[in-house]
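First comes the structure, then the notes that go with it.
The values are calculated or read from the model by the stated rules, or taken from the named source; none is laboratory data. Keep in mind the model is a prediction, meaning the values are calculated, not measured. Here Cβ is always computed from backbone atoms with ideal geometry, including for glycine, and neighbour counts include all displayed protein chains. With ligands, DNA and RNA removed, areas are computed over all heavy atoms of the protein, side chains included. Shrake-Rupley method; radii C 1.70, N 1.55, O 1.52, S 1.80 Å.
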Amino acid sequence: NQLHLQCDITQKGYEKKRSKLIGAYLPQAPGMDPSMGQERRTPVTPSSSSRYHRRRSSGSRDERYRSDVHTEAVQAALAKHKERKMAVPMPSKRRSLVVQSSMDAYTPPDTSSGSEGEGQGDGTSSSQEGSISMEHWISRAIHGTSSTTTTTSSTASSSSSSTRSGGSGAAAGRLADVLAQHNHSAPPDVTGYTNNTANTTATDAIQVERAPGAGTAAQRQTPKYGNAELMETGDGVPVSSRVSAKIQQLVNTLKRPKRPPLREFFVDDFEELLEVQQPDPNQPKAEGAQMVPMRGEQLGVVTNWPPSLEAALQRWGTISPKAPCLTTMDTNGKPLYVLTYGKLWSRSVKVAYNLLHKLGTKQEPLVRPGDRVALVFPNNDPASFMTAFYGCLLAEVVPVPIEVPLTRKDAGSQQIGFLLGSCGVTVALTSDACHKGLPKSPTGEIPQFKGWPKVMWFVTESKHLSKPPRDWFPHIKEANQDTAYIEYKTCKDGSVLGVTVMRIAMLTHCQAITQSCSYTEAETIVNVLDFKKDVGLWHAIQTSVMNMMHVISIPYALMKVNPLSWIQKVCQYKAKVACVKSRDMHWALVAHRDQRDVNLSSLRMLVVADGSNPWSISSCDAFLNVFQTKGLKPEVICPCASSPEALTVAIRRPLEEGTTPPGRGILSMQGLSHGVIRVDSEEKLSVLTLQDVGSVMPGGLMCVVKLEGVPQLCKTDEIGEMCVCTVATGTSYYGLAGMTKNTFEVFPVSNNGTPISEFPFTRTGLLGFIGPAGLIFVAGKMDGLMVVGGRRHNADDIVATALAVEPMKFVYRGRIAVFSITVLHDERIVVVAEQRPDSTEEDSFQWMSRVLQAIDGIHQVGVYCLALVPSNTLPKTPLGGIHLSETKQLFLEGALHPCNVLMCPHTCVTNLPKPRQKQPEIGPASVMVGNLVSGKRIAQASGRDLGQIEDNDQARKFLFLSEVLQWRAQTTPDHVLYTLLNSRGTIASSLTCVQLHKRAEKIAAMLAERGHLQDGDHVALVYPPGIDLIVAFYGCLYAGCVPITVRPPHPQNIATTLPTVKMIVEVSRSVCVMTTQVITKLLRSKEASAAVDVRTWPPVMDTDDLPKKKPPLLYKPSNPDTLAYLDFSVSTTGMLAGVKMSHTATSAFCRSIKLQCELYPSREVAICLDPYCGLGFVLWCLCSVYSGHQSILIPPSELEVNPALWLSAVSQYKVRDTFCSYSVMELCTKGLGLQTDSLKARGLDLSRVRTCVVVAEERPRIALTQSFSKLFKDLGLHPRAVSTSFGCRVNLAICLQGTSGPDPTTVYVDMRALRHDRVRLVERGSPHSLPLMESGKILPGVRIIIANPETKGPMGESHLGEIFVRENKKIWVHSGHNASGYFTVYGDEALQSDHFNSRLSFGDTQTVWARTGYLGFLRRTELTDASGERHDALYVVGALEEAMELRGMRYHPIDIETSVIRTHKSITECAVFTWTNLLVVVVELDGSEQEALDLVPLVTNVVLEEHYLIVGVVVVVDIGVIPINSRGEKQRMHLRDGFLADQLDPIYVAYNM
């Protein structure tokens, strides 16, 4: 039952499917209470225990975060949201991405996934599946739902609003408005989908409910299908096309009022400052007195307490060797083994002896006292661990207990490796079974784990050890300052630290625990906790031995099979104490089927190890609720608080019977987020209920200090970090002096700055306060703290809220991770959850929308990103919790592979810079003195003057190119002008002066004879790149016709390329088409007639067999200002523009290039360009005839067959000057990157190249030219040789790096200044710097000025303006070879006169300029050019029509695209455009479709971070979807049209909220 937006199903099928999906949650009859319907299915029994149990029978929720009160609060918060309803566009996915659910997708609860709160210090570890029997599991897979339904109304019915909320009843499938805030004004009228229960039933068509205020006529019966076809915009205008409908929806949603804007401040008018959060004057502030440090009771030294733990072990091992120390269980719950004190003593001695004497040699022992060794033992073998731990203590070796590495690259095992390395560990102790289970290489060696040092594995089983000699005894001292052991701790960022605990601290801690818990000799204690660290280690390994207690150890594996096992063992052994986590209590509840024989009256103390987690309280209450009838006394439950650094911080003492249980704190979350304690008064929604964790440990002193800055004491109503001063804490982070000082050597000060004690305190990492009667309350951990917009939120609290939004038990086993990432100078909250294998797209999207609302309603904070991943895919900690830092790492690297993502940057990001107001520009009123504009030099420059250059240019005598050709045919008839190469690099054909002349004559004859053409008729030349094209061009000149070169249609892609050909032919008013036989056939083919109307073609002549005779007379134009040819090209914005080139302009152009490049008949030039327009055409067809040099022509298409073709030709013909395009350069860089060595071996030599010019109409692509230069440097290419040219429609070549003159320079400009049309030069490598390369030297005869594109006023130097040949204003050009105008059918004169005949608004208002339409700036450099003048460099920034105005600033797409391409290795290409002021980013994915969703957060982050823009839509497409023209420029407008018309077939489209 996959329901998916793009599914092509009928309206009827959709309704049917939908009612089936959501039927269970819809009212059964009009106006009926939804909860009634459910009660009909499951009769409710009054017994609270069975009700409790039924509600949780599916057990798929992490109950440490479970709270009925909170669930109700969340439901109420969601109900509030319901009143302001809004549609959120659902992302669209390609079919292959929608995960199909199948039987295999269900995994029964397995060992790896039940969670352990130990989530390595991650507050948000995940949850567990209760003992769901196999039948239940299978039945769930078959029915696709859990076997029982929620019954009580406290978890409101699964419809999106409960009936209590006074909403419109159970509205199914609504998508929620996430953005509206509490201060909402009347919302625009937007169609949401709801179901009005008053008059419809579930199977009716989906209703459209109009927003309040639209009157009752709102009940329109418009059937909607998944919000696709029939979408209405805010003003009720129907919009066609799915994509634009969704974008419109997004735009409407974003129009809703957001949070009140923050006060902005701004310094210099251009400096973009991010808003700084101003504190809200009304926020709650702490008002209490300064807190008083709290002292624990005195640590009473009892006379017979042992002087050290080893001494205790020796005492019990010799006095009562038969006393049981530890009983281990197998997975059936049968006692596996009983370790007595005698055995523990003798085995520990044996381990100590072997450690010191049997490793290494006598002279060089491997382990000496004080060395660190690793303890690697599995969770089911406490006996071996205990023996090894005490063996180390006896040998005075320092044990470092760690987890068993399961695979070579476990989550986090690398960091553990770093810890072992920094501790200098060379030996690892392990058990026989564990040693056998470690991964082995084929040779049987244990491989080195990732990041680990080389270790020797040492098995501690007695049978592998040699007996110590009779006279050998371990040295037993009193506890001293030496390190006893190192406990590892995982930090928020995933790094692992070792906390060192001294022997005296270990002993004192055991004494304090013994006193707090009143432990006595031979008591029995049941332990469910991990015995390698934390509470499990302290109670079940250390304190138990000090007091000769008997520990019953319950392994994790047994708890999985039988969650009741620990309760059964308490009964069986009449245990006095049990150590558990709230998870174990929850599991017992889930599995508890009225077991008659359970009796817990023997328990005097139930230690809840994670009792300091605020969300443990509900498990404690529920457990008591059920087991009170089984003899459990309420005062037995003892939550405790602990941390790796401070050991046990506090523990509740077992009370005497009959005393009143302590009170609870019900605190406002709003207050907590500001760090103050406020008992919640107004709304009962966002509250946190805390239970106390008892009082300070004996012998300790505790205070609470502020989180930031100096450790100053908090006020009594302020939350801070708890610090303790006692012997019984860790002393350092091993090997890290600086961090140690900050944590273990803190001197808290009072508000007058004096330290409160001479002794240092240790930070506990816990947040909280000391309440009345000295009771300690913990509200969260430092590790889980996220500071968003100046307010603090705890990850655990957010997890709890997200889990309470679960009408459909959506999250797989409650596995949710919450963390924050820093984007744009603030933390942003990310929620990642595993979704159930059977959930549909609708389920997941609905759940996401609701979680956003709930978190917003309860915590008043926006979620930046919500990601769903398939079940069981998040990295796990050794005990099955979610490995938080690893998850965050994967998210940031784009390797998490989510199956659903919802980003909400529009809601969360409130600190963007203020949108810019345009500054008034310099106007005529400014003082103009000579060439200065308000104190700056006017930005103008020119090339050498064509008229004054003396050279023996014979061609200057002729006004027309046709005359030059005739002259060359007479004077140098056999001189080769053109050589065409094929893909093998051999000469396909060549052309001498006389051959060209003769063939051109024949074409002229053919035109006159067959075409009956007159002077001035337009002829379209449709030829592949080659000699025929050149011949046809001169033939047209000879016949007096005006040629137009047109790129032939692509045979594999006629449908898209042929219409462009047809359009050029029609717009240019060509009266005939000349082409080859092959193309003639193509134009008449079936595919062609499908693409265009072939009957309307003008006559098509093929020139393959020419007539033998010459024309009677060659045409000579009467006036040099008449048209020579038309130059048509399609701009990147998709505009077709034809430019008129007169004979004068053509000759001036050729002369200008000849002078700049020093071209003479003896020269050879290699040209690898498309010969259809611009400078490419001029170089291919015209320059050789004018200058007489030989052109080696290489069609770029041949490079696809043989990428080395162009460079081989350059090397073979010893060419000094070559021209190419960016696409050619890219082909060579990508195609030959790995072949430079083999090319060198074949003798490829580029050392003779002095100019290699990229012909372009865009900003120089520095990265590409630089990588090209670097790559081919080995083949002799001089880096100075590579340069670029710049041309545009109005002037086909403005700059061209010639042979003489200074090298092109590169400057670095501030990208932020550029957005404001300023140029600010910065140093290389400074933040926000953008490298710009000079576009070549200005050609002879060309003058440039930079002017403001709006006002046409001249600009000062280093201001961005339009280049007028011609401010970011445009570049204006004035030269003899400007084109004489646009050739248009419509005669759009206004446009023409503006582009070709512009005058400046002040200053020199006489000169006529042409506007290039490009933004750029001029800068006078320190270099001198050939004439000794200082060199003016022109830097092109980008095309005006491509630039995007967003938030008042001007952005160039290429800058955003460059940032995006850098973010992930799978992004091969990117294009951006705007639509209705939304920024749309399209990325091409080179990788599996599973990676598509990884890109969405990364793209959003980088554009925010580097450009201060919020991405509206992210579109992930296949490689090759972004259209590119022949010059290698992206056609962003075509892409936009394709996207809006739904033609891209995207892999994924994400609409950011």
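Take segment 740-763 and flag every residue that is open to solvent by less than 90 Å² (accessible area, probe 1.4 Å) and either touching a Leu at 6+ places or on another chain (Cβ under 9 Å) or among the polar types (S, T, N, Q) (or both).
Selection gives Thr740, Thr743, Pro748, Val749, Ser750, Thr754, Ile756, Ser757, Phe761, Thr762.
Looking for something at negative phi, over 35 Å from the mean Cα position of the chain (by Cα), at pLDDT below 85 and open to solvent by 20 Å² or more (accessible area, probe 1.4 Å) - is there at least one such residue anywhere in segment 411-424?
no
What number of residues in segment 531-552 are in contact with a helix residue (DSSP H, G or I) (Cβ under 7 Å, 6 or more places away or on another chain), within 20 Å of Met585 (Cβ to Cβ) and open to solvent by 10 Å² or more (accessible area, probe 1.4 Å)?
0
Give all pairs with beta carbons closer than 7 Å in which a residue from segment 864-892 that is under 16 Å from Glu1491 (Cα atoms) meets a residue that is hydroxyl-bearing (Ser, Thr, Tyr); count only pairs at least 6 apart in sequence or on separate chains.
Pairs that qualify, where the first residue is under 16 Å from Glu1491 (Cα atoms) and the partner is hydroxyl-bearing (Ser, Thr, Tyr), are Leu868/Ser844; Leu874/Thr887.
Just to verify a result, which residue in segment 1082-1113, among those that are touching a Ser or Thr at 6+ places or on another chain (Cβ under 7 Å) and open to solvent by 30 Å² or more (accessible area, probe 1.4 Å), is farthest from Asn1053 (Cα to Cα)?
Asp1104
Suppose we filter segment 317-326 for residues that are open to solvent by less than 60 Å² (accessible area, probe 1.4 Å) and touching a strand residue (DSSP E or B) at 6+ places or on another chain (Cβ under 8 Å); how many remain?
Counting residues in segment 317-326 that are open to solvent by less than 60 Å² (accessible area, probe 1.4 Å) and touching a strand residue (DSSP E or B) at 6+ places or on another chain (Cβ under 8 Å) gives 5.
Identify all residues within segment 1124-1146 that are hydrophobic (A, V, I, L, M, F, W, C) and either buried (at least 18 other Cβ atoms within 10 Å of the Cβ) or on the phi > 0 side of the Ramachandran plot (or both); write none if there are none.
Ala1124, Leu1126, Phe1128, Val1130, Ala1137, Val1139, Met1141, Ala1145
Regarding segment 478-498, can at least one residue be identified that is under 30 Å from Leu299 (Cα atoms), open to solvent by 50 Å² or more (accessible area, probe 1.4 Å), in contact with a helix residue (DSSP H, G or I) (Cβ under 7 Å, 6 or more places away or on another chain) and assigned to a loop (DSSP other than H, G, I, E, B)?
Yes, the conditions are met somewhere in segment 478-498.
Can you find a residue that is assigned to a strand (DSSP E or B), modelled with pLDDT under 90 and buried (at least 23 other Cβ atoms within 10 Å of the Cβ) anywhere in segment 796-808?
No, segment 796-808 contains no residue that is assigned to a strand (DSSP E or B), modelled with pLDDT under 90 and buried (at least 23 other Cβ atoms within 10 Å of the Cβ).
Residues checked against (1) part of a helix (DSSP H, G or I); (2) open to solvent by 30 Å² or more (accessible area, probe 1.4 Å); (3) out of contact with any Ser or Thr (no Cβ under 6 Å at 6 or more places or on another chain):
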| site | (1), (2), (3) |
| --- | --- |
| Cys1288 | no, no, no |
| Leu1292 | no, no, yes |
| Ser1300 | no, yes, yes |
| Asp1303 | no, yes, yes |
| Tyr1308 | no, yes, no |
| Ala1313 | yes, no, yes |
| Arg1324 | no, yes, yes |
| Pro1327 | no, yes, yes |
| Pro1331 | no, yes, no |
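Residues in segment 648-665: is at least one at pLDDT 90 or above and touching a Phe, Trp or Tyr at 6+ places or on another chain (Cβ under 9 Å)?
The answer is yes, given that some residue of segment 648-665 is at pLDDT 90 or above and touching a Phe, Trp or Tyr at 6+ places or on another chain (Cβ under 9 Å).
Here's a check for you: in segment 346-368, which residue that is basic (Lys, Arg) and either touching a strand residue (DSSP E or B) at 6+ places or on another chain (Cβ under 8 Å) or not in a loop (DSSP other than H, G, I, E, B) (or both) is least open to solvent (accessible area, probe 1.4 Å)?
The residue in question is Lys350.
Are any residues in segment 582-607 open to solvent by less than 20 Å² (accessible area, probe 1.4 Å), in contact with a strand residue (DSSP E or B) (Cβ under 9 Å, 6 or more places away or on another chain) and assigned to a loop (DSSP other than H, G, I, E, B), and if so, which ones?
The answer is Leu600, Leu603.
I'm trying to understand the selection: among the residues of segment 1275-1296, which are small (Gly, Ala, Ser) and under 30 Å from Lys1240 (Cα atoms)?
Matches in segment 1275-1296: Gly1276, Ala1281, Ser1283, Ser1285.
Consider only pairs whose beta carbons are under 6 Å apart and that are at least six residues apart or on different chains; among these, list those whose first residue lies in segment 696-718 and is farther than 20 Å from Arg791 by Cβ and of a type outside the set (Lys, Arg) and whose second residue is open to solvent by less than 10 Å² (accessible area, probe 1.4 Å) and part of a loop (DSSP other than H, G, I, E, B).
Cys703/Pro748; Pro711/Pro748; Leu713/Pro748
Can you name the residue in segment 974-985 that is in a loop (DSSP other than H, G, I, E, B) and modelled with pLDDT of 90 or more and is also farthest from Val1165 (Cα to Cα) among such residues?
Among those residues, the one meeting the criterion is Asp974.
Rundown of residues vs (1) of a type in the set (D, E, K, R); (2) in contact with a Ser or Thr (Cβ under 6 Å, 6 or more places away or on another chain); (3) at pLDDT below 90; (4) surrounded by 14 or more Cβ atoms within 10 Å (Cβ to Cβ), yes/no style:
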{"site": "Ala428", "(1), (2), (3), (4)": "no, no, no, yes"}
{"site": "Asp432", "(1), (2), (3), (4)": "yes, no, no, yes"}
{"site": "Lys436", "(1), (2), (3), (4)": "yes, no, yes, no"}
{"site": "Gly444", "(1), (2), (3), (4)": "no, no, yes, no"}
{"site": "Gln448", "(1), (2), (3), (4)": "no, no, yes, no"}
{"site": "Pro453", "(1), (2), (3), (4)": "no, no, no, yes"}
{"site": "Phe458", "(1), (2), (3), (4)": "no, no, no, yes"}
{"site": "Pro468", "(1), (2), (3), (4)": "no, no, no, yes"}
{"site": "His475", "(1), (2), (3), (4)": "no, no, yes, no"}
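Residues being open to solvent by 10 Å² or more (accessible area, probe 1.4 Å) and either more than 26 Å from Leu78 (Cβ to Cβ) or touching a Leu at 6+ places or on another chain (Cβ under 8 Å) (or both): count how many of those fall in segment 851-861.
So the answer is 1.
Checking Ala557 against (1) in contact with a helix residue (DSSP H, G or I) (Cβ under 7 Å, 6 or more places away or on another chain); (2) open to solvent by 10 Å² or more (accessible area, probe 1.4 Å); (3) under 24 Å from Met386 (Cα atoms): exactly one of these is not met. Which one?
(1)
Every residue, every condition in (1) among the polar types (S, T, N, Q); (2) not in a loop (DSSP other than H, G, I, E, B), yes or no:
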position	(1), (2)
Met506	no, yes
Gln511	yes, yes
Ala522	no, no
Asp530	no, no
Ala540	no, yes
Val545	no, yes
Ile567	no, yes
Val570	no, yes
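Given (1) under 38 Å from the mean Cα position of the chain (by Cα); (2) at pLDDT below 85; (3) closer than 26 Å to Ser1191 by Cα, where does Leu1296 come up short, assuming only one miss?
Here Leu1296 meets the rest and fails (1).
Step by step: first the residues of segment 608-639, then only those that are of a type in the set (S, T, N, Q) and surrounded by fewer than 21 Cβ atoms within 10 Å (Cβ to Cβ), then the one that is nearest to Leu690 (Cα to Cα). Which residue is that?
The selected residue is Asn625.
When only residues in segment 951-973 that are in a loop (DSSP other than H, G, I, E, B) and charged (D, E, K, R) count, which is modelled with the highest pLDDT?
Ranking the candidates gives Asp953 first.
Limited to segment 1522-1552, what total is found for residues that are of a type in the set (Val, Ile, Thr) and more than 29 Å from Leu1314 (Cβ to Cβ)?
Residues flagged as of a type in the set (Val, Ile, Thr) and more than 29 Å from Leu1314 (Cβ to Cβ) within segment 1522-1552 amount to 2.
How many residues, within segment 979-1012, are farther than 18 Å from Pro1024 by Cβ, among the β-branched types (Val, Ile, Thr) and touching a strand residue (DSSP E or B) at 6+ places or on another chain (Cβ under 9 Å)?
Of the residues in segment 979-1012, 1 are farther than 18 Å from Pro1024 by Cβ, among the β-branched types (Val, Ile, Thr) and touching a strand residue (DSSP E or B) at 6+ places or on another chain (Cβ under 9 Å).
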